[in-house]
Amino acid sequence: MLEIQNVTKVFGGILALTGVSLKVGEGSFVGLIGPNGSGKTTLFNVVSGAFPPSKGNVIFNGQAISGMPPNHICRQGIARTFQIPQPIKSLTVAENVMLGTIFGSQQIGTACGLDRAREEALQWLDFVGLKLDPESYPDRMTAGDLRKLEMARAIATRPKVLLADEVLSGLNRDELKDASGILQKARDELGLTIIWVEHVMHVLMKLVERVVVLNYGMLIADGDPASVSKDERVIEAYLGRH
Amino acid sequence: MQLISKFSRSGLMLLLILLIMLPFLISSSYLTHIVTLILLWSFVATAWAYMARFGMVSLGHGVFLGIGAYFPTLMFNYWGVTPWIGIFVGLVVAIVIAAILGYTCFRFGLLGDYFALVTLAVAEVSALVIMALREITGGSLGYTLRSTGRLADMQFADKRVFYFMALILLIGAMYIWRRIDKSPVRLALTAIEESEIAAASLGVSVIRYKMMITLLSAALTALGGSLYAQYVTYVSPDTIAGVGVSLSVCFKAILGGMFAVLGPFVGSAIIVSLEEYVRISLGTSFLGLSQIIFGVSLLLMIIFMPRGIMGSMSMAVAKRLNRISARH
């Protein structure tokens, strides 16, 4: 359903991604790992349209989406969360999610009233288990709540693919469980295809069914968690020896 | 919150009734003139704040004022085209110019201070263009509208007609403001202001919404410029185009509070009255005093009341109400 074909991204003279190819089938739960600066977020940025690839293509449902602006890609059905949550601080919690419900999906669109969008937004807040007052402002939220809001907002765009960028970083033990549980639930109940960038290995390895490893912008391993964690090159580059 | 909105709604109604009655209550045509000016500038300042309250601070709205003022005036004087049509032409020209400027700025991601600087330069250019075309526009000496006194030429024996036109425009602009508040457009523009990339990743078309509000703001501003020119029957680059008037529009809105629907009105009322007061009481003995007062108060406002008079007032009221409700 999502196919990344030989994508290269150059910043100035730096190769951030070198000929990365990846096929992700519908409903799969893929972990994307690699050391800092290995190009994971860059890959997300290319797929979500934050910037176009220097070379190569991204195909989604048989259509080339590379080079499209991010709002179009979102409406095609690819949503993302940001590594550093980006709540809109002068909108309420509910309104943040309403952005996703109103602008993110083609089915509803701007024609629907704010009331309907709000109703739906409250459902997504419920889905991620965010128990804050929806009329409060997201300026003094805990890291865990910010992640939940970020995910509710992305899921509210009714995507087919969710690009989750480090949804666990900076969370405590309980919050880890909540946040990873949301991804699991989104995959199981909503049938989302999820690509998940994460550094918290012990959680990621337990949930995903496939792990892709990037190092210096190159794809060095791709397989099920058990075999990838034994892969010599992956241990060398990222996991380290025990 | 409900209490506040009830208060402000009845306050608004009272103000509206007062403004409708005013020209019939006061016999002084001078006072009516001042209030007409207040309404006109409130309308323009409100249109300016459409953009500014979403972080698009334009220091070049004089361009649109100038286009709105000069097009119908010149078309009438040279070709005898009635301002009823000329205003429409000015409106279209203003929208086209705003589209070109806006798209260029937004396409290349010019934000905040950089956007303000570009618009400032454009305002200066507009005044220079008027002066360069002095054969047609009268240059910096300005240009007087030919007087016919005919209704078909938008000239009225009773100047109160302009008062009511300005009032209707202002109410219209405030109504649109409220409609924007209750529509997805507000969500989109607020999100865009804080993070264009986050907004876009949620499906918001950044350029489309910025263009929309820019064109609306420019069109209404041009309309204000047109009406101003028809009312005072005199246009000059100093009074209706260029940097000076652009900044004075900003200041009216900032003083009153550009985030509150009544802010630009309050700011315009204060500044226009003060300007008149200083002009009359001091005459020519201390030219520029009003500018000095405004300069200093602008400085103080930005430091101590960044949300303007109306913004600070509503915040104070909300705080007090919270305290009362907390006590019960």
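I need the full set of residues from region B:13-65 which are farther than 18 Å from B:Phe164 by Cβ and in a helix (DSSP H, G or I), in order please.
The answer is B:Leu14, B:Ala45, B:Ala47, B:Trp48, B:Ala49, B:Tyr50, B:Met51, B:Ala52, B:Gly62, B:Val63, B:Phe64, B:Leu65.
With the checklist (1) in contact with a Gly (Cβ under 7 Å, 6 or more places away or on another chain); (2) open to solvent by 10 Å² or more (accessible area, probe 1.4 Å) in hand, flag the one item B:Thr190 doesn't pass.
Among (1) in contact with a Gly (Cβ under 7 Å, 6 or more places away or on another chain); (2) open to solvent by 10 Å² or more (accessible area, probe 1.4 Å), B:Thr190 violates only (1).
The conditions are (1) in a helix (DSSP H, G or I); (2) open to solvent by 70 Å² or more (accessible area, probe 1.4 Å); (3) free of Cβ contacts under 8 Å to residues at least 12 places away in the same chain, and B:Ala316 fails exactly one of them. Which is it?
Looking at each condition in turn, B:Ala316 falls short on (2).
Pick from B:Ile303, B:Ile309, B:Ile292, B:Ile280: which is open to solvent by 100 Å² or more (accessible area, probe 1.4 Å) and more than 20 Å from B:His33 (Cβ to Cβ)?
Selected residue: B:Ile303, the only one of B:Ile303, B:Ile309, B:Ile292, B:Ile280 that is open to solvent by 100 Å² or more (accessible area, probe 1.4 Å) and more than 20 Å from B:His33 (Cβ to Cβ).
Look through B:Gly112, B:Gly102 and report the one residue that is touching a Ser or Thr at 6+ places or on another chain (Cβ under 7 Å) and within 30 Å of B:Leu255 (Cβ to Cβ).
B:Gly102
Name the one entry in B:Phe251, B:Phe259 that is hydrophobic (A, V, I, L, M, F, W, C), touching a Gly at 6+ places or on another chain (Cβ under 6 Å), under 24 Å from B:Gly62 (Cα atoms) and surrounded by 13 or more Cβ atoms within 10 Å (Cβ to Cβ).
Checking each option against the conditions leaves just B:Phe259.
Going by the conditions given, is B:Ser58 small (Gly, Ala, Ser) and surrounded by fewer than 24 Cβ atoms within 10 Å (Cβ to Cβ)?
Here the answer is no, as B:Ser58 does not meet what is asked.
So, of the residues in region B:154-197 that are of a type outside the set (D, E, K, R) and part of a loop (DSSP other than H, G, I, E, B), which turns out to be farthest from B:Leu39 (Cα to Cα)?
Among those residues, the one meeting the criterion is B:Ser195.
Answer yes if at least one residue in region B:68-76 is surrounded by fewer than 22 Cβ atoms within 10 Å (Cβ to Cβ) and aromatic (Phe, Trp, Tyr), and no otherwise.
Checked region B:68-76: no residue is surrounded by fewer than 22 Cβ atoms within 10 Å (Cβ to Cβ) and aromatic (Phe, Trp, Tyr).
If the Cβ limit is 7 Å and pairs must be 6+ apart or interchain, which residue in region A:39-65 that is within 15 Å of A:Leu162 (Cβ to Cβ) pairs with which residue that is surrounded by fewer than 18 Cβ atoms within 10 Å (Cβ to Cβ) and among the basic types (Lys, Arg)?
none
Looking for something within 14 Å of chain B (Cβ to nearest Cβ) and of a type outside the set (S, T, N, Q) - is there at least one such residue anywhere in region A:29-40?
no
Kindly indicate the residue of region B:18-34 that is out of contact with any helix residue (DSSP H, G or I) (no Cβ under 7 Å at 6 or more places or on another chain) and free of Cβ contacts under 8 Å to residues at least 12 places away in the same chain and also least open to solvent (accessible area, probe 1.4 Å) among those meeting that condition.
The extreme case among them is B:Ser28.
Quick test for you: out of B:Ala218, B:Ala200, pick the one residue that is within 14 Å of another protein chain (Cβ to nearest Cβ), small (Gly, Ala, Ser), surrounded by 24 or more Cβ atoms within 10 Å (Cβ to Cβ) and in a helix (DSSP H, G or I).
Going through B:Ala218, B:Ala200 in turn, the sole match is B:Ala200.
Of everything in region B:203-215 that's of a type outside the set (A, V, I, L, M) and within 14 Å of another protein chain (Cβ to nearest Cβ), which residue is nearest to the chain's Cα centre (by Cα)?
B:Lys210
Out of B:Val93, B:Val89, B:Val81, I need the residue that is closer than 22 Å to B:Met154 by Cα, outside any helix (DSSP H, G or I) and among the hydrophobic types (A, V, I, L, M, F, W, C). Which one?
Within the list B:Val93, B:Val89, B:Val81, the selection yields B:Val81.
Does B:Ile271 count as more than 23 Å from B:Leu16 (Cβ to Cβ), surrounded by 19 or more Cβ atoms within 10 Å (Cβ to Cβ) and either at pLDDT 85 or above or of a type in the set (S, T, N, Q) (or both)?
no
Output the helices (runs of 4 or more DSSP H) that fall wholly within region A:1-120 and possess 2 or more residues being over 30 Å from A:Asp224 (Cβ atoms) and either touching a Pro at 6+ places or on another chain (Cβ under 9 Å) or open to solvent by 30 Å² or more (accessible area, probe 1.4 Å) (or both), or say none.
Qualifying helices (runs of 4 or more DSSP H): A:70-76, A:93-103.
For B:Val245, work out the one condition from (1) more than 14 Å from chain A (Cβ to nearest Cβ); (2) closer than 30 Å to A:Pro70 by Cβ it doesn't fulfil.
It is condition (2) that B:Val245 fails.
Mind checking whether some residue in region B:158-173 is over 29 Å from B:Val266 (Cβ atoms) and at pLDDT below 90?
no
Checking B:Arg179 against (1) at pLDDT 95 or above; (2) under 20 Å from the mean Cα position of the chain (by Cα); (3) within 14 Å of chain A (Cβ to nearest Cβ), only one condition comes out false. Which one?
Exception for B:Arg179: condition (1).
Which of the residues that make up region B:252-281 are closer than 21 Å to B:Met315 by Cβ, hydrophobic (A, V, I, L, M, F, W, C) and in a helix (DSSP H, G or I)?
Passing the criteria: B:Ala253, B:Ile254, B:Leu255, B:Phe265, B:Val266, B:Ala269, B:Ile270.
Check region B:88-104 and report whether any residue there is among the polar types (S, T, N, Q) and surrounded by fewer than 16 Cβ atoms within 10 Å (Cβ to Cβ).
Among the residues of region B:88-104, at least one is among the polar types (S, T, N, Q) and surrounded by fewer than 16 Cβ atoms within 10 Å (Cβ to Cβ), which makes the answer yes.
Which of the residues belonging to region B:165-181 are open to solvent by 10 Å² or more (accessible area, probe 1.4 Å), touching a helix residue (DSSP H, G or I) at 6+ places or on another chain (Cβ under 7 Å) and not β-branched (Val, Ile, Thr)?
B:Met165, B:Leu169, B:Met174
Filtering region B:182-197 down to residues that are facing chain A (nearest Cβ under 7 Å) and either at pLDDT 95 or above or under 21 Å from A:Pro85 (Cα atoms) (or both), which residue is farthest from the chain's Cα centre (by Cα)?
The extreme case among them is B:Ile197.
The values are calculated or read from the model by the stated rules, or taken from the named source; none is laboratory data. Quick caveat, the model's predicted, so the values are computed rather than measured. FYI the Cβ positions are ideal-geometry reconstructions off the backbone, even for glycines, and counts take in every protein chain you see. Please note that ligands, DNA and RNA were not included when accessible areas were found on the heavy atoms of the full protein model with its side chains. Shrake-Rupley method; radii C 1.70, N 1.55, O 1.52, S 1.80 Å.
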